[in-house]
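The values are calculated or read from the model by the stated rules, or taken from the named source; none is laboratory data. Small disclaimer: the values here were computed from a predicted structure and weren't measured. All Cβ positions, glycine included, derive from the backbone under ideal geometry; neighbour counts span all protein chains shown.
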Amino acid sequence: MPPDKGDLAPKFKLKNSFGVTKTSEDFRGRYLVIYFYPKDNTPGCTKESCKFRDLNAEFLKMNCEVIGISADSQVSHKEFSAQYGLNFNLLSDPNYNACKDFGTYFISEKFGDSILRQTFLINEVGLVLNVWKEIKDPENHPEDVLRFVQSDI
């Protein structure tokens, strides 16, 4: 069952684009925005990631870190981050473990293994504060998340 508001967020242990293992415990004591996205270098994912990049300083002022998770490889994440100057961690979930735990994994008839575009806000002790499940406008979605963070924490 995917986590919802008030639930304890699933734990994760994934590598970032530099091969450094990051765990959910690494972010305790801070708020955490986890945005799950389908694929590096696709139009919606690029717009969403670049907007999170542009707003990252505002999130950090609120003691809130942003991370992106997809099934892309560490190499793909490294290239994607470098190409667009992303200033936060992208974590690689090639086996869809975190995606399954957060309920963002699904099988597409057209593409096979896939990830739903969803975002989770987790508080400093690991509880889910909000979930954005139906993201129709990935480019402006990060602004919605920031507004929520600014008004609720």
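Summary of computed values
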quantity	calculated
Hits in segment 100-135 (condition: modelled with pLDDT of 95 or more, not small (Gly, Ala, Ser) and not in a strand (DSSP E or B))	100, 101, 102, 104, 116, 117, 123, 124, 125, 133, 135
Number of the exception - residue 101 against (1) surrounded by fewer than 21 Cβ atoms within 10 Å (Cβ to Cβ); (2) in contact with a Pro (Cβ under 7 Å, 6 or more places away or on another chain); (3) within 19 Å of residue 46 (Cα to Cα)	(3)
Residue in segment 55-62 that is buried (at least 22 other Cβ atoms within 10 Å of the Cβ), among the aliphatic types (A, V, I, L, M) and either closer than 18 Å to residue 30 by Cα or touching a Lys or Arg at 6+ places or on another chain (Cβ under 9 Å) (or both) present	no
Search result, residues across segment 136-153 that are among the acidic types (Asp, Glu) and in a helix (DSSP H, G or I)	143, 144, 152
Any pair with Cβ under 9 angstrom, 6 or more apart, that starts in segment 1-19 at a residue that is closer than 13 Å to residue 129 by Cα and ends at one that is surrounded by fewer than 13 Cβ atoms within 10 Å (Cβ to Cβ)	7/1; 8/125
Any chance residue 59 is closer than 18 Å to residue 16 by Cα, in contact (Cβ under 8 Å) with a residue 60 or more places away in the chain, part of a helix (DSSP H, G or I) and touching a helix residue (DSSP H, G or I) at 6+ places or on another chain (Cβ under 8 Å)	no
Lone qualifier among 38, 2, 10 - being modelled with pLDDT under 95 and surrounded by 14 or more Cβ atoms within 10 Å (Cβ to Cβ)	2
Filter pass, residue 78 being surrounded by 14 or more Cβ atoms within 10 Å (Cβ to Cβ) and more than 29 Å from residue 150 (Cα to Cα)	yes
Test: residue in segment 85-93 that is surrounded by fewer than 16 Cβ atoms within 10 Å (Cβ to Cβ), outside any strand (DSSP E or B) and modelled with pLDDT of 95 or more	yes
Single residue of 79, 65 found to be in a strand (DSSP E or B) and out of contact with any Ser or Thr (no Cβ under 8 Å at 6 or more places or on another chain)	65
Segment 20-29 - residue that is farther than 24 Å from residue 135 by Cα and in contact (Cβ under 8 Å) with a residue 60 or more places away in the chain and, of those, surrounded by the fewest Cβ atoms within 10 Å (Cβ to Cβ)	29
